[in-house]
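Before any comments, here is the structure.
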Amino acid sequence: MTQQFDLNNFEDLCRLDSTGMMAALEGLSAQCSYAVCNILKDVELPNIEAISNIVVTGLGGSAIGGDLLRVYTADKIPVPVTVNRDYFLPKFVGPDTLVFAVSYSGNTEETLSAYEEARAGGASVMAITTGGKLAAMALRDGVPLAKIPTGCAPRAATGYLFIPTLGILQRLGLLPDLTGEINDMASYIKELHKKIGPESPREENVSKQVAHKLYKKIPVIWGTTGITEVVAQRWKGQINENAKAPAYWNVFPELNHNEIVGFEYPREILNNIHVIILRDERDHLRVQKRIEITKGIIGNVVDGFTEVWASGDGDLAKLFSLIYTGDYASLYLAALYGTDPGPVKTIDYLKLELAAE
Ligand code: PA5
């Protein structure tokens, strides 16, 4: 029988954390501050005259920064940002495309393939990586390279992977100077750490409370098509990779047109679903109304639902407040399951099997 860990016991929390995921998360604020000042120093700008579209190509923990860029810039820049998680790039990629090839390890085969495609299609490419083959290819091709620090899991390097994309768009004149907003966000999550970090007791700690709600349940995470869409996806990925548990995500209003019909059978499984609804006070009023009606529809069917609200001032702080809360919740859930959050043996196994061919 699995022993349930005491989330109020710091030693219990860290006992199985062999790779320092908890410490890495505590360092997110410092990571963002470091990224805004240092990573792009001495990095050349991609050579592009007119940008019609932007593509971020990467997988897993290296792709989520692309989604953050997509939702953050959606109401700020006149060109679309597409996130590509494949070997191939969309057909529209050409000389007027800026492609960010992002891979923490620099060795993810899909990203390397998409990088080659971007080059072949005449796109302006920028590589963001700690090293590996991607860095070698960028150096070989004279492609601008943002080298980021090594030493953590890709999913714990969100600041390093995301902030440089903002910096490049700023230098290309697509975004204003964001140094102030990034530093404000970093200060905000440092404050938030006091409320949701490991030292804060469960009674006052939203992330610990969420982990208890999700323990031995099937997490279903719902965001909205504002900033919380990417956060729902992030929560799902973090629960998968850190807690080694399944999780599913969707967004309002789309889920009102299909997923919501699927809450009739099988009853005994539905009883074990716990729904997290990610809320942002700025959501469309009709979406807010949809959420209320939906709670009424599922209330008696699922185990329960928990609402988690974005906090802080400004888009970046709100985005990262929810990400930070979910990241901590996933680490606490890992502790409740008595599992080490760091290693992702299944991903490593897959990569090794693929490399063997
Ligand atoms: O979090 C992880 O370890 C994965 O999701 C990786 O990010 C993913 O496999 C891609 O690897 P990389 O980030 O090194 O390109």
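The values are calculated or read from the model by the stated rules, or taken from the named source; none is laboratory data. Note that this is a predicted model, so its numbers are computed, not measured. Cβ placement follows ideal geometry from the backbone for every residue including glycine, while neighbour counts extend to all protein chains displayed. Keep in mind that these areas ignore ligands, DNA and RNA; they rest on the heavy atoms of the full protein, side chains included. Shrake-Rupley method; radii C 1.70, N 1.55, O 1.52, S 1.80 Å.
In the range 7-36, which residue that is of a type in the set (S, T, N, Q), touching a residue at least 40 places away in the same chain (Cβ under 8 Å) and open to solvent by 30 Å² or more (accessible area, probe 1.4 Å) is nearest to the ligand (Cβ to nearest atom)?
Going through the qualifying residues, I end up with T19.
Among the candidates G262, G304, G299, which residue alone is more than 18 Å from the chain's Cα centre (by Cα), within 27 Å of E204 (Cβ to Cβ) and open to solvent by 20 Å² or more (accessible area, probe 1.4 Å)?
Residue meeting the stated conditions: G299.
Need pairs with beta-carbon distance below 6 Å; first residue within 15 Å of T158 (Cα to Cα) and at pLDDT 95 or above and within the range 218-245, second among the β-branched types (V, I, T) and assigned to a helix (DSSP H, G or I); sequence gap 6+ or separate chains.
What qualifies is V230/V71; V231/I323; R234/I64; R234/I323.
If you go through the range 217-225 one residue at a time, do you hit one that is touching a Phe, Trp or Tyr at 6+ places or on another chain (Cβ under 9 Å), under 30 Å from I273 (Cα atoms), among the hydroxyl-bearing types (S, T, Y) and open to solvent by 60 Å² or more (accessible area, probe 1.4 Å)?
yes
If we keep just the residues of the range 62-90 that are near the ligand (Cβ under 10 Å from one of its atoms) and in a loop (DSSP other than H, G, I, E, B), which is nearest to the chain's Cα centre (by Cα)?
Ranking the candidates gives A63 first.
Matching residues to (1) more than 22 Å from the chain's Cα centre (by Cα); (2) surrounded by 18 or more Cβ atoms within 10 Å (Cβ to Cβ); (3) aromatic (F, W, Y); (4) outside any helix (DSSP H, G or I):
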residue	(1), (2), (3), (4)
K295	yes, no, no, no
T325	no, yes, no, no
P341	no, yes, no, yes
Y349	yes, no, yes, no
L352	yes, no, no, no
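Look at the range 91-121 and say how many of its residues are more than 26 Å from L352 (Cβ to Cβ), open to solvent by 40 Å² or more (accessible area, probe 1.4 Å) and either part of a loop (DSSP other than H, G, I, E, B) or touching a helix residue (DSSP H, G or I) at 6+ places or on another chain (Cβ under 9 Å) (or both).
So the count comes out to 5.
What residue, of I39, I64, is among the hydrophobic types (A, V, I, L, M, F, W, C), closer than 26 Å to T339 by Cβ and open to solvent by less than 70 Å² (accessible area, probe 1.4 Å)?
I64
Collect the residues in the range 125-164 that are more than 16 Å from the ligand (Cβ to nearest atom) and surrounded by fewer than 21 Cβ atoms within 10 Å (Cβ to Cβ), keeping them in residue-number order.
Within the range 125-164, L139, R140, D141, G142, P144 qualify.
Of everything in the range 213-237 that's in a loop (DSSP other than H, G, I, E, B) and closer than 15 Å to I323 by Cβ, which residue is nearest to the ligand (Cβ to nearest atom)?
I227
Given the criteria assigned by TED's automatic domain parsing to the domain that holds I323 and either within 16 Å of the ligand (Cβ to nearest atom) or of a type in the set (V, I, T) (or both), does V206 qualify?
Yes.
In this structure, is Y104 in contact (Cβ under 8 Å) with a residue 40 or more places away in the chain, in contact with a Gly (Cβ under 7 Å, 6 or more places away or on another chain) and within 16 Å of the ligand (Cβ to nearest atom)?
Here the answer is yes, as Y104 does meet what is asked.
What do you reckon, is S105 closer than 20 Å to N38 by Cα and not hydrophobic (A, V, I, L, M, F, W, C)?
Against the criterion (closer than 20 Å to N38 by Cα and not hydrophobic (A, V, I, L, M, F, W, C)), S105 qualifies.
Given the structure, is I347 under 30 Å from G180 (Cβ atoms), within 16 Å of the ligand (Cβ to nearest atom) and not acidic (D, E)?
For I347, the condition - under 30 Å from G180 (Cβ atoms), within 16 Å of the ligand (Cβ to nearest atom) and not acidic (D, E) - is not met.
Within the range 165-195, which residues are open to solvent by 20 Å² or more (accessible area, probe 1.4 Å) and assigned to a loop (DSSP other than H, G, I, E, B)?
L172, G173, L174, P176, D177
What are the residues in the range 51-77 that are free of Cβ contacts under 8 Å to residues at least 60 places away in the same chain and closer than 17 Å to I239 by Cα, if any?
L59, A63
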